[in-house]
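The values are calculated or read from the model by the stated rules, or taken from the named source; none is laboratory data. On a predicted model such as this, the values are computed, not experimentally measured, just so you know. Note that each Cβ is placed from the backbone with ideal geometry, even for glycine, and that neighbours are counted across all protein chains shown. Note: areas computed on protein heavy atoms with side chains; ligands, DNA, RNA excluded. Shrake-Rupley method; radii C 1.70, N 1.55, O 1.52, S 1.80 Å.
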Amino acid sequence: MADRAAPGYPDGMEAPRLAKLAKWAPPLLLGAVASVQLAAAQLSPLTRWRGGGFGMYAEIHPDARRVWIDARPEGCAGEAAPGPTPTDVAPRLHHAQRAASRTSLEALARSVVAARDLSGCREVTGELFAPELLREPPALGWRSLTRVTLAVRDLE
Amino acid sequence: MSLDRWLRAEVLVALSILAMQPGLPWLPFGLRVALAIAALGGCVLRGRARSAAWFAVAGALVVGLALAPLAAPNHHFLLAYAALAVALSGLLPEPARTHALSESSRWLLFGVMLFATLQKALADPYLDGSFFHFLLLHGGLGNGWIEPLVPGLAEAVAANTTALGTFLATQPSEGVATALVDPGPRVALLARGLAWLGLAVEAGLAIGLGLAPRSTGTRGLLLAFAFGVFALRQEDVFLASVCALGAATCAPRSPGWHRALAASTLCLLALGALGLRAPA
């Protein structure tokens, strides 16, 4: 029979129950989060390096994944030179690097276009990812004014 | 004031949390400040105030991780769990507090090693050695130590660094790739050996922590893991966190191992703070 309100314990808390909570809650939380992350990394392009699954050093780091986003008005023949990633695009970029998917890529492309003046032939490059994308080469459509293509290069 | 008082698990965890501050751009500034203040409070306060401080530490980390789960590295999750363990155990009177923290730390480390093993066992680029092969040729896996042992590796890394810089600075074309210079089959063999050694050590730690957490073998392997990985990669905060939790598993029955792991925690944090890391 558990002792209620044992000396030193919060009022109304059964001592063994609190001790069990202290012992098991953190590891069970770790196990739950890591299990979800492991399943997601197996079933989707989520990187093993992020999300609490402790899969670091199991695969290439997401920051080493690179894709160039070349966004310019349709018909523009000028070449786009690599340039710095716009500051306001960085959060989308980081998310797309870690969870490579068509959805995250489209969100990134939209943020690049929104952040840049595409009235000329300048721009735009952002560096990105992703071996996973080689399985399904992305060719994103964008508004009629703008064509967004992604040139994927990977070290082989 | 005794030395052991300053080698308590919560102090070691707090120091690890403070050491990870430069790696916290994913955490909103207000939470970063609250986290640092609460971690300091967790070291110096007493009684319920200390417990409240640790709940604040755990809360700041859990909220931050929930807001940006893909931005934080895995060891930040580990420190959040460690903070929660310290906070919850702080509600207990002694000796239940020390016992609960010791057991919680043991199972946290077990979970880390179990999932690290599973993730690697399920990743083809790890098992076939290609990930470590890439790191060795790219210059990111203790090359300062390894390059002199493998003829031609230093020259290959230098050539690859130059080629990569050129490659990344040029106009991209669809389908164009560049190959890394590889000095021979020894590098691939070394990469595969390192990969399987790493898998064996992490699996061994998971088994040891699950079945014989207080054995000399498990604790010795934990220390070897910490300093072995430190010699290869700049992972001082993660490895210090592992040692801090390892120290917590030793209290109060193995004071010698507790001091060894606590001292290792401080050593790793000091080396990291001084920039004395594995030569890349």
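Any residue at all in region B:244-259 that's within 18 Å of A:TYR57 (Cα to Cα) and among the aromatic types (Phe, Trp, Tyr)? Walk me through how you get there before you give the answer.
The initial filter retains those residues of region B:244-259 that are within 18 Å of A:TYR57 (Cα to Cα), namely none.
No, region B:244-259 has no match at all.
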Can you find a residue in region B:93-102 that is touching a residue at least 60 places away in the same chain (Cβ under 8 Å), more than 9 Å from chain A (Cβ to nearest Cβ) and under 17 Å from the mean Cα position of the chain (by Cα)?
no
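Kindly evaluate B:ALA71 against the criterion of being small (Gly, Ala, Ser) and at the interface with chain A (Cβ under 10 Å from one of its Cβ atoms). Can you show your working first?
Values: small (Gly, Ala, Ser): yes; at the interface with chain A (Cβ under 10 Å from one of its Cβ atoms): yes.
Criteria met by B:ALA71.
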B:ALA82, sole failed condition from (1) surrounded by fewer than 24 Cβ atoms within 10 Å (Cβ to Cβ); (2) within 17 Å of the chain's Cα centre (by Cα); (3) part of a helix (DSSP H, G or I):
(1)
Tell me which residues, restricted to region B:85-108, are aliphatic (A, V, I, L, M) and either closer than 30 Å to B:PRO69 by Cα or open to solvent by less than 20 Å² (accessible area, probe 1.4 Å) (or both).
B:ALA85, B:VAL86, B:ALA87, B:LEU88, B:LEU91, B:LEU92, B:ALA100, B:LEU101, B:LEU108
Can you tell me which residue is nearest to A:GLU59 (Cα to Cα) among those in region B:112-126 that are open to solvent by less than 10 Å² (accessible area, probe 1.4 Å) and free of Cβ contacts under 8 Å to residues at least 60 places away in the same chain?
B:ALA123
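Mind counting the residues in region B:96-144 that are outside any helix (DSSP H, G or I) and among the acidic types (Asp, Glu)?
Pass one, region B:96-144, residues outside any helix (DSSP H, G or I): B:122-123, B:128-129, B:139-142.
Filter again for among the acidic types (Asp, Glu), leaving B:128.
The total comes to 1.
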When residues of region A:39-53 are filtered for being in a loop (DSSP other than H, G, I, E, B) and surrounded by 16 or more Cβ atoms within 10 Å (Cβ to Cβ), how many remain?
7
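Would you say B:SER130 is touching a residue at least 60 places away in the same chain (Cβ under 8 Å) and under 17 Å from the mean Cα position of the chain (by Cα)? Spell out the reasoning first.
Values: touching a residue at least 60 places away in the same chain (Cβ under 8 Å): yes; under 17 Å from the mean Cα position of the chain (by Cα): no.
When the stated conditions are applied, B:SER130 does not pass them.
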Assess whether B:ALA179 counts as being within 14 Å of chain A (Cβ to nearest Cβ), assigned to a loop (DSSP other than H, G, I, E, B) and either surrounded by fewer than 18 Cβ atoms within 10 Å (Cβ to Cβ) or modelled with pLDDT under 80 (or both).
yes
Report the residue count in region B:54-73 for those that are in a helix (DSSP H, G or I) and either under 29 Å from A:ALA58 (Cα atoms) or open to solvent by less than 10 Å² (accessible area, probe 1.4 Å) (or both).
11
Would you check if A:GLY31 is at the interface with chain B (Cβ under 8 Å from one of its Cβ atoms), assigned to a loop (DSSP other than H, G, I, E, B) and either under 30 Å from the mean Cα position of the chain (by Cα) or not charged (D, E, K, R) (or both)?
no
